[in-house]
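Student: Please read through the structure below; I'll follow up with questions.
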Number of protein chains: 2
Amino acid sequence: MEEIRVDLGERSYSILIGDGIIEDTGEIIREWELDGKVLVVTNPTVAEWYLKPLTDSLIAAGFTFKVVMVPDGEVYKNLEEAEKIYNLLISNQYDRKSLLIALGGGVIGDLTGFVAATYLRGVRFIQIPTTLLAQVDASVGGKVAVNHPRGKNLIGSFYQPSLVISDVGTLLTLPETELHSGVAEVIKHGLIMDENYFQFICGEIQLIREANPGIMTWIVAGSCNIKSRIVEADEKESSLRAILNYGHTIGHALETITDYTGFKHGAAVAVGMIAAAKIAWQLEVLKDASLIDQLIELCGDFNLPVRIDGFSIESIIEAIYYDKKMAHGKVNWILPCEIGKVIISAEVSESLVREVLKELGGSK
Amino acid sequence: MEEIRVDLGERSYSILIGDGIIEDTGEIIREWELDGKVLVVTNPTVAEWYLKPLTDSLIAAGFTFKVVMVPDGEVYKNLEEAEKIYNLLISNQYDRKSLLIALGGGVIGDLTGFVAATYLRGVRFIQIPTTLLAQVDASVGGKVAVNHPRGKNLIGSFYQPSLVISDVGTLLTLPETELHSGVAEVIKHGLIMDENYFQFICGEIQLIREANPGIMTWIVAGSCNIKSRIVEADEKESSLRAILNYGHTIGHALETITDYTGFKHGAAVAVGMIAAAKIAWQLEVLKDASLIDQLIELCGDFNLPVRIDGFSIESIIEAIYYDKKMAHGKVNWILPCEIGKVIISAEVSESLVREVLKELGGSK
């Protein structure tokens, strides 16, 4: 079992990573002295595989708990579902010493975290992420939120979990497209911060594709390590943390124009990373174009999209512009200089963005 | 103008206290570099007196702003009103640099603070408290919340304002019962922490009753100072901060059994303080009974209740017991030893509580 410590002063916590460790949850909670009345939040899809090992371990460790099921899907990450969980907590007199456990992917983690952040002015919660994306991304950073009909994650806060238990064994049952979506963020971590990590990924493509637990333990640990270093330096995203948005400017725009149904998050980020690298090349921020080729090849290895054929350039530009209005009229682009190093720049012209989108197959 | 600094590391902020300073708000925001698109949250009662001076000053300082009215009353401190504010913020594309201004008493402050804590993972907010209770109590400590049908403040978080502007001139238009309700908390601050402050209050009863701005500036500053010292030592209420609950165990029970309509908050706390002092006397924690007499006299000077004639002892006990279940089976009583000093004790028998309630006029 690997342990990554996220060092945020009094809000520090650990991420435990290993194969099959869900079934040790009860014991782990005792060991970490996080005892309390437990509420498990999960969805039917995840529950089918992993609820029993979790509850068995809670029972074995002598915990009192209830389970609440949230229907599967991003559309349920809303205030209404949060209210249902509040109601359940209140009806069952969960007090300040309560412990919420989020068993599932990003939706379950974000929703449970939001409830934990706001119930009785904050109760403890443990994340048990069951997707690669949640293990390498949502598990570090403390971003909790629910969606609003007008946009994703508009209601939320920064609230750190007490512990994250990342069982890489769960990745074996993850649909391939979900696994690959997580890999996109893994690739991103290498590209923005750590060339050795990037080369390690390139050397283990086959084992990653198989979600080999040994390799995935290293991958999850590696990504959490990189993301922790960034978040530790800038918890509330006032500066450095923005580099984690590499690939996300165009990525978010693609998700928005397809109403979050056209792309898995990581797939949108993959093509966004390629676009941003091409912008960096045009601006001579990126000195060696081989990075673009390597990135395209790597994305291809994981069936991640590398082009945007058929998507309207105009719609993408408009979606970027909407974000722009939200951020005081400026888009901060994250541009790679070399593998492991990026810069933040607001000096990217709309016409250059259009040009690169066209090059990637965007339509009029 | 007085300034009290609440020192909470990166969450530190200042409380400005003075007569008529609402009309300097625009200028103050510029001076403190809190510029941003402003949303003012208030209610019709407060707006009638103080909205124009506020908006005039915002206009004079060149701010863009909108105003949202929340109906007057505790019953509107709920998620539904919070959602209305979210909708307005989103429709008008308020971004992360937004500035929310809470103009009003505790309801407006708590609701606005909750929205600020959870909109886009946290935007800045300024409190302009217009009741004595909000000026001496809610303005320090960062407790923000909305109510749930099953209980007060069940949904909320700790979130510090960027600045508090306490205009003691507003106290001149405050209904007498509201002023006196605030005075109860002021008395509490003296009793739990500062004998000199307590004696100062005793010496200025007439001017306090008149809400004399000069005296009230000192009172608000004095209370904020005391509360700050406590909150600085224990921001999240894990230990010391509990002493602020002096008078609140029985006080809350009285509010609960009268469905929050029988007592102003401070009135309930006043009689709660007397009851707790009597308990302390019985347990020989309090060595000099003259504290009880002084407290009763002082409460009388502000028409605060000193007895509970006609209220059912059984109901009060039950209400205390409900709180008890929420707090892992123990009631922590705050008991005075002398003026300016209290202890926290869980060693109070139910029978002693009953006895004191009976002594104060409680009925079978």
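The values are calculated or read from the model by the stated rules, or taken from the named source; none is laboratory data. The shown structure was predicted, so the numbers you read here are calculated from the model rather than taken from an experiment. All Cβ positions, even for glycine, are placed from backbone atoms using ideal geometry, and neighbour counts span all protein chains on display. SASA here: full protein model, heavy atoms, side chains in, ligands and nucleic acids out. Shrake-Rupley method; radii C 1.70, N 1.55, O 1.52, S 1.80 Å.
Student: Using only Cα positions of chain A, each an equal point scatterer, no hydration layer, compute I(q)/I(0) via Debye at q = 0.07, 0.08, 0.11, 0.15 Å⁻¹ and quote the log10 values to two decimals.
Tutor: -0.29, -0.38, -0.72, -1.31
Student: Moving on. Considering protein heavy atoms only and a 1.4 Å probe radius, which residues within segment B:116-130 exhibit an accessible-area decrease of no less than 40 Å² in the full assembly relative to the chain by itself?
Tutor: B:T118, B:L120, B:R121
Student: Ok, one more. Give the value in nm², to one decimal: projected area of the alpha carbon convex hull of segment B:80-161, averaged over all directions.
Tutor: The Cα convex hull of segment B:80-161, projected and averaged over all directions, gives 5.0 nm².
Student: Given the convex hull of the Cα atoms of segment B:239-364, what is a quarter of its surface area in nm²?
Tutor: Taking the Cα atoms of segment B:239-364, their convex hull projects to 7.1 nm² on average.
Student: So which aspartates and glutamates can A:K278 reach, going by Cα to Cα under 17 Å and dropping same-chain residues fewer than 8 places off?
Tutor: A:D288, A:D293, A:E297, A:D309, A:E338, A:E347, A:E350, A:E355, A:E359
Student: How large is the dipole of segment A:253-350 about the Cα centre if only Lys and Arg carry +1 and Asp and Glu carry -1, each at its Cβ, rounded to the nearest 20 debye?
Tutor: 240 debye
Student: Hey, another quick one. If one takes the accessible area of chain A alone plus chain B alone and subtracts that of the pair, with a 1.4 Å probe, what total in Å², rounded to the nearest 100, results?
Tutor: So the total buried area for this chain pair works out to about 3400 Å².
Student: Per the 1.4 Å probe, what fraction of the accessible area of chain B, in percent, lies on carbon and sulfur atoms?
Tutor: 49 percent
Student: Report, by chain and number, residues whose modeled amide H sits under 5 Å from the one on A:L100, excluding near sequence neighbours (fewer than 5 apart, same chain).
Tutor: Counting only residues 5 or more places away or on other chains, the set is A:L39, A:R124, A:F125, A:I126.
Student: Report, in listed order, any pair from A:K152/B:K97; A:K66/A:K236; B:K66/B:K227 with a Cα-Cα distance greater than 25 Å.
Tutor: A:K66/A:K236; B:K66/B:K227
Student: Right, another one. Quick one: Debye curve from the C-alpha atoms of segment A:227-309, no solvent, what's log10 I(q)/I(0) at q = 0.11, 0.14, 0.22, 0.24 Å⁻¹?
Tutor: Values, matching the q order: -0.34, -0.54, -1.07, -1.12.
Student: Show me the three semi-axes of the equivalent ellipsoid for segment B:43-97, from the C-alpha gyration tensor (sqrt of 5 times each eigenvalue), largest first, rounded to whole Å.
Tutor: 21, 19, 6
Student: Continuing with this model, one more query. Per residue, how large is the accessible surface of the protein assembly as shown? Use a 1.4 angstrom probe and give square angstrom.
Tutor: 39 Å²
Student: Just grab the label-to-label distance for A:E31 and A:S91, each label 7 Å out from Cα along the Cβ direction, in nm (one decimal).
Tutor: Each label point is offset 7 Å from its Cα along the Cβ direction, giving 3.6 nm.
Student: Let me ask you something else. If you look at just the Cα atoms of the protein assembly as shown, how large are its Rg and its Dmax in Å?
Tutor: 28.1, 86
Student: Okay, moving on. For A:E359, which inter-copy label distances result when the label point lies 7 Å beyond Cα on the Cα-to-Cβ vector, reported in nm to one decimal and in ascending order?
Tutor: List, nearest first: 8.5 nm.
Student: Can you list the copy-to-copy distances for A:G151, using a point 7 angstrom from Cα toward Cβ, in nanometres, shortest first?
Tutor: List, nearest first: 3.5 nm.
Student: Could you give the length gained on full extension between B:D259 and B:S349, defined as 0.36 nm per residue of separation minus the Cα-Cα distance, in nm?
Tutor: 29.8 nm
Student: Oh, and also: Can you list the distances in nanometres, one decimal and ascending, from the B:E210 label point to the identical position in each other copy, with the point 7 Å along Cα to Cβ?
Tutor: Relative to the other copies, B:E210 has label-point distances of 8.8 nm.
Student: Sticking with this structure for a sec: Classify segment B:153-199 as rounded, prolate or oblate from the Cα gyration tensor: take a ≥ b ≥ c as the square roots of its eigenvalues, call it rounded if a/c is under 1.5, otherwise prolate when a/b beats b/c and oblate if not.
Tutor: Verdict is oblate for segment B:153-199.
Student: For the pairs A:K143/A:K364; B:K287/B:K358; A:K37/A:K264; A:K264/A:K364, note any where the Cα-Cα span goes beyond 26 Å.
Tutor: Result: A:K143/A:K364; A:K37/A:K264 exceed 26 Å.
Student: Identify all aspartates and glutamates with a Cα-Cα distance to A:K188 below 12 Å; exclude those on the same chain that are fewer than 8 residues away in sequence.
Tutor: A:D137
Student: For chain B, modelled as a Gaussian network with Cα springs under 10 Å, which listed residue fluctuates most, B:G272, B:G182, B:G156?
Tutor: Per the Cα network of chain B with a 10 Å cutoff, B:G156 tops the list.
Student: Which residues of segment A:54-92 show a drop of at least 10 Å² in accessible area when all protein chains are present, compared with their chain alone (probe radius 1.4 Å, heavy atoms only, ligands and nucleic acids excluded)?
Tutor: Flagged in segment A:54-92: A:L79, A:E83, A:Y86, A:N87, A:I90, A:S91.
Student: Mind listing, in residue-number order, the residues in segment A:137-162 that have at least 20 Å² less accessible area with every protein chain present than in their own chain alone (1.4 Å probe)?
Tutor: Listed in order, they are A:K143, A:H148, A:R150, A:N153, A:L154, A:I155, A:G156, A:S157, A:F158.
Student: If you don't mind, another one. Along the Cα→Cβ direction, 7 angstrom out, place labels at B:I59 and B:E314. What is the inter-label distance in nm?
Tutor: 6.1 nm
Student: Still on this model: Only helical DSSP H runs with n ≥ 4 go in: add -39500 (n - 2.57) per run for the protein assembly as shown, normalise by residue count and round the 222 nm mean residue ellipticity to 500 deg cm²/dmol.
Tutor: That calculation yields -14500 deg cm²/dmol at 222 nm.
Student: Any idea which of A:V186, A:Q160, A:A134 is furthest toward the positive side of the dipole for segment A:106-256, if Lys and Arg beta-carbons carry +1 and Asp and Glu beta-carbons -1?
Tutor: Working it through, the farthest residue towards the positive pole turns out to be A:Q160.
Student: Compute, for the protein assembly as shown, the length of the dipole vector about the Cα centre, with Cβ point charges of +1 (Lys, Arg) and -1 (Asp, Glu) only. Units Debye, rounded to 20.
Tutor: The calculated dipole for the protein assembly as shown is roughly 640 debye.
Student: What helices does chain A have that are whole DSSP H segments, at least 15 Å long along their own axis by Cα, and with mean Kyte-Doolittle hydropathy of 1.0 or more?
Tutor: Helices meeting the criterion: A:106-118, A:265-282.
Student: Shape verdict for segment A:116-272, please, from the Cα gyration tensor: rounded (a/c under 1.5), prolate (a/b greater than b/c) or oblate.
Tutor: It is rounded, given that a/c, with a ≥ b ≥ c, falls under 1.5.
Student: Here's something else I'd like to know. Would segment A:1-118 count as rounded, prolate or oblate if I go by the C-alpha gyration tensor, calling it rounded below 1.5 in a/c and otherwise prolate when a/b exceeds b/c, oblate otherwise?
Tutor: Note, shape of segment A:1-118 comes out rounded.
Student: Take the alpha carbon atoms of segment A:159-229, find their center, do the same for segment B:262-292, and report the distance between the two centers in whole angstrom.
Tutor: 59 Å
Student: Extending each Cα 7 Å along its Cβ direction at A:R11 and B:N332, get the distance between those two points in nm, one decimal.
Tutor: For A:R11 paired with B:N332, the spin-label model returns 2.3 nm.
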